[in-house]
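Every number in this text was worked out from the coordinates using simple rules, so none of it is lab data. Keep in mind that what you see is a predicted model, and the values were worked out from it rather than measured. Every residue, glycine among them, receives a Cβ derived from its backbone with ideal geometry; neighbour counts consider all protein chains shown.
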Amino acid sequence: MKITFCCTDTKAEPWLQGLAAALPGAEVSVWQPGAPVADYAVVWAPPQQFMDEQQGIKALFNIGAGVDALLQRRLPPGARVVRLDDAGMAVQMAEYVCHAVIRHFREFDQYEAGMRAGQWAYRKPRLRQDFPVGVMGLGVLGERVARALAQFEFPVNGWSRSPKAIAGVRAFNGAEKFNEFLAASRVLVNLLPLTPDTQDILNRDKLARLQPGGYVINVARGAHLVDADLLALLDSGHLAGATLDVFRTEPLPAGHPFWNHPKITATPHTSARTLREESIAQIAGKIGALARDEPIAGIVDPGRGY
Ligand code: NDP
């Protein structure tokens, strides 16, 4: 069995060694232009030339949960696209989002600034019921995040395409329920995939529907958010702040207003990292299952975009 590795911005050697160890007998190599067609590929944002040359490949294993960069390319006909399912990302995402929500809710930034200024000062406790959190996207990551927030006893709303029943979560579904979901939420967490339906979804009209003092946490993709609309609503005071992990252009360009905005906390696309060992074990398990003609989880529907 031939496995080719084509991941931009990723050191290949440890992946090759890990895949070879997990799949004894497989021939694992880094893709080079003109290389023969492999049985399976492990990819991240491969060039179009890779897709054009690998005609007949059986499956492309994306080393992330989001497949938007992959689906921008013309796929080899018949190739299945397989995403990472969790593989250690869901707990990281739950940590990141709960940290951002709690930091805002408990006003830790203000307490830290006060202590640095030599002030031992109490702030009036805020009430959880005044901070309903809305989670957009209730998939592998969104559901885990919604459940974690519910454990902290925040009122939690969730929005997805299909109906869901998740303990502790008030579930909304479909485009027709989106405005109702936003109006019921003060803190908004975005965990949608980037698709034609969801691009620019965090825009002025939609963000203005959040409850006053709204707070935005974008951990999905930068192109979900209209940057200027967020800035306008922060300036108007309708939104109290934002935590952003993803940006339209990454790295965030020098001079972008998000770098130094007093109401924005930014991190460099690090909320849920791909963990190599877990990912290799998952991919190897799925390759084994496909080779035995068994069903696997995480097959992407390119028509749907996730
Ligand atoms: P899933 O594919 O498992 O879940 C997607 C969810 O979004 C589903 O609940 C789906 O609804 C819902 N959804 C999709 N389209 C719409 C729509 N038009 N309207 C309403 N709901 C919609 O994705 P994951 O949870 O695994 O990941 C989510 C995203 O997180 C990824 O696509 C990626 O962009 C981002 N990500 C970011 C990382 C980071 O480090 N910042 C790391 C990993 C992922 P339904 O259930 O009904 O199908």
*Dipole of the chain (Lys/Arg Cβ +1, Asp/Glu Cβ -1, origin at the Cα centre): which of Ala100, Pro76, Ala38 lies farthest to the positive side?*
Ala100
*Please name which of Gln48, Ile63, Val91 has its Cα lying farthest along the dipole of the chain towards the positive end, using unit charges on Cβ (Lys, Arg +1; Asp, Glu -1) and the Cα centre as origin.*
Val91
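Counting other beta carbons within 10 Å of each Cβ, put Trp259, Trp159 in order, fewest first.
On the way: Trp259 11, Trp159 27.
Ranked by crowding around the Cβ, least crowded first: Trp259, Trp159.
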*How many percent of all Cα-Cα pairs in the chain sit more than 31 Å apart?*
36 percent
*Starting from the amide H of Arg80, placed 1.01 Å from N in the peptide plane, find each other amide H under 5 Å away whose residue is 5 or more places distant or on another chain.*
Ala59, Leu60
_Relative contact order for the chain, counting Cα pairs under 8 Å that sit 6 or more residues apart, in percent_ = 16 percent
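Placing unit charges on C-beta atoms (Lys and Arg positive, Asp and Glu negative, everything else neutral), compute the dipole magnitude of the stretch 89-266 about its Cα centre in debye, rounded to 20. Working shown, then result.
Numbers: 20 positive and 17 negative charges, 96 e Å.
It works out to roughly 460 debye.
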_How many angstrom lie between the Cα centre of the stretch 112-176 and the Cα centre of the stretch 268-306?_
28 Å
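Just rank Met93, Met1, Met51, Met115, fewest to most, by other beta-carbon atoms within 10 angstrom. Walk me through the intermediate numbers first.
Values: Met93 24, Met1 14, Met51 20, Met115 11.
Placing the least packed residue first, the sequence is Met115, Met1, Met51, Met93.
Could you give the dipole magnitude of the chain about its Cα centre, charging the beta-carbon of Lys and Arg +1 and that of Asp and Glu -1, in debye to the nearest 20? Before the final figure, lay out each step's value.
On the way: 32 positive and 31 negative charges, 145 e Å.
For this selection, approximately 700 debye.
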*the stretch 220-227 - phi-based ³J(HN,Hα) in whole Hz, Karplus 6.51/-1.76/1.60, Gly and Pro as x*: 9, 9, x, 6, 6, 9, 8, 3
_In order through the stretch 101-110: 3J(HN,Hα) via Karplus (6.51 cos²θ - 1.76 cosθ + 1.60), integer Hz, x for Gly, Pro_ = 5, 5, 4, 5, 4, 8, 6, 5, 4, 5
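What is the stretch 197-306 by shape, rounded, prolate or oblate, if you read a ≥ b ≥ c off the alpha carbon gyration tensor as root eigenvalues and call it rounded for a/c under 1.5, prolate for a/b larger than b/c, and oblate otherwise? Mind showing how you got there, number by number?
Details: a/c = 3.13, a/b = 2.15, b/c = 1.46.
Taking the square roots of the gyration eigenvalues as a ≥ b ≥ c, the stretch 197-306 is prolate.
Which of the trypsin sites (Lys or Arg not before Pro) found in the stretch 253-306 are in a DSSP loop and have at most 13 neighbouring Cβ atoms, other than their own, within 10 Å? Numbers along the way, then the final one.
Working: sites: Lys263, Arg273, Arg276, Lys286, Arg292, Arg304; in loops: Lys263, Arg273, Arg292, Arg304.
When the trypsin sites (Lys or Arg not before Pro) of the stretch 253-306 are filtered for loop state and at most 13 Cβ neighbours within 10 Å, Arg273, Arg292, Arg304 remain.
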*Subtracting the Cα-Cα distance from 0.36 nm times the residue separation, let me have the gained length for Ile102 to Trp259 in nm, one decimal.*
54.3 nm
*How big is Rg to Rh over the stretch 89-266, alpha-carbon atoms, Rh as the Kirkwood inverse-mean-distance radius?*
0.96
